[in-house]
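K.L.:
The structure is given below, and queries will be raised subsequently.
Please treat every number below as a calculation from the coordinates, not as lab data. It should be emphasised that the depicted structure is a prediction, and the values quoted were computed from it without experimental measurement. Every residue, glycine as well, gets a Cβ built from its backbone with ideal geometry; the counts of neighbours run over all protein chains shown.
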Amino acid sequence: MGNREDLLAGARSCLEEKGYLRTTVRDIASASKVSMAAIGYHFGSREALLNLALFAAMDEWSAGAGRLAGQGDTTEERYADMWDRKIRDFGDMRWLWIASVEAFVHAQASPELLATLAEGQRRSRRMVAAQLRGVPVDEVAEEDVRALGSFHIALLSGVMVQALTDPELAPTGRELAQGLRAMAELLES
């Protein structure tokens, strides 16, 4: 690997160990065994490097996280299984979710990061809607992006916070599917 790749690997390691807000330039340089000046040369700033490392980790996770394929014969069972896998990931990859929340907090004072996070959310809405509908991303209806995608991303954020705050009482995939069904019944009445 070259310095750039070493820095990205070091930044990811720091995100895993220290989180987004507590990682310093010195931490990254030490973890990557590359000079601190190389961060500025290759990425411009600590924030830019951490953002790339964080977004790469999120892209890795999202590549396989949203598919309905899984245990169960019905769509509801597959949906519950998908959620069980995501909830397990919240525990197994706790560092990623805490770092993403820290990045969101930091973004409130960083217009560039906020714009990047907003663009990531837009892509996520489209991807999630396509996965749930079982269609290619470029074929998903804009209505599904705004409604189904937005709803699912909101649910994801809320479940993530519950799983990080109180893992023992975080909802299961089955409970989420049941809750969604109950809400749909309430909306029909």
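K.L.:
Of Asp138, Asp81, Asp27, which is the most mobile in a GNM of the chain whose springs link Cα atoms less than 10 angstrom apart?
P.N.:
Comparing Asp138, Asp81, Asp27 in the GNM, the peak value goes to Asp138.
K.L.:
Follow-up question, since we're still on this one. With θ set to phi - 60° and the Karplus curve 6.51 cos²θ - 1.76 cosθ + 1.60, what are the ³J(HN,Hα) couplings of region 134-139 in order, to the nearest whole Hz, using x for Gly and Pro?
P.N.:
After applying 6.51 cos²θ - 1.76 cosθ + 1.60, I find x, 10, x, 4, 6, 10 Hz.
K.L.:
Further, regarding this structure: What translational diffusion coefficient, to the nearest whole µm²/s, does region 1-57 have by Stokes-Einstein, given a Kirkwood radius computed over alpha-carbon pairs, a temperature of 20 °C and 1.002 mPa s viscosity?
P.N.:
204
K.L.:
Tell me, which longest segment in the chain has none of the trypsin sites (Lys or Arg not before Pro) that fall in DSSP loops with at most 14 further Cβ atoms within 10 Å?
P.N.:
68-189
K.L.:
While we're looking at this one, here's another question. Principal axis extents for region 2-113, Cα atoms only, whole Å, descending order, please.
P.N.:
Result, largest extent first: 55, 31, 20 Å.
K.L.:
Let me ask you something else. Would you kindly derive the ³J(HN,Hα) couplings of region 50-58 from the backbone phi angles with the Karplus curve 6.51 cos²θ - 1.76 cosθ + 1.60 (θ = phi - 60°), listing them in order in whole Hz, with x for Gly and Pro?
P.N.:
Ordered by residue, 3J(HN,Hα) equals 4, 4, 4, 5, 5, 5, 5, 5, 5 Hz.
K.L.:
On the principal axes of its Cα set, how long, how wide and how thick is the chain? Give whole Å, largest value first.
P.N.:
Each principal axis gives a Cα extent; for the chain these are 62, 37, 32 Å.
K.L.:
For an R0 of 25 angstrom, estimate the FRET efficiency from the Cβ-Cβ distance between Phe151 and Asp59 and round to the nearest 0.05.
P.N.:
0.70
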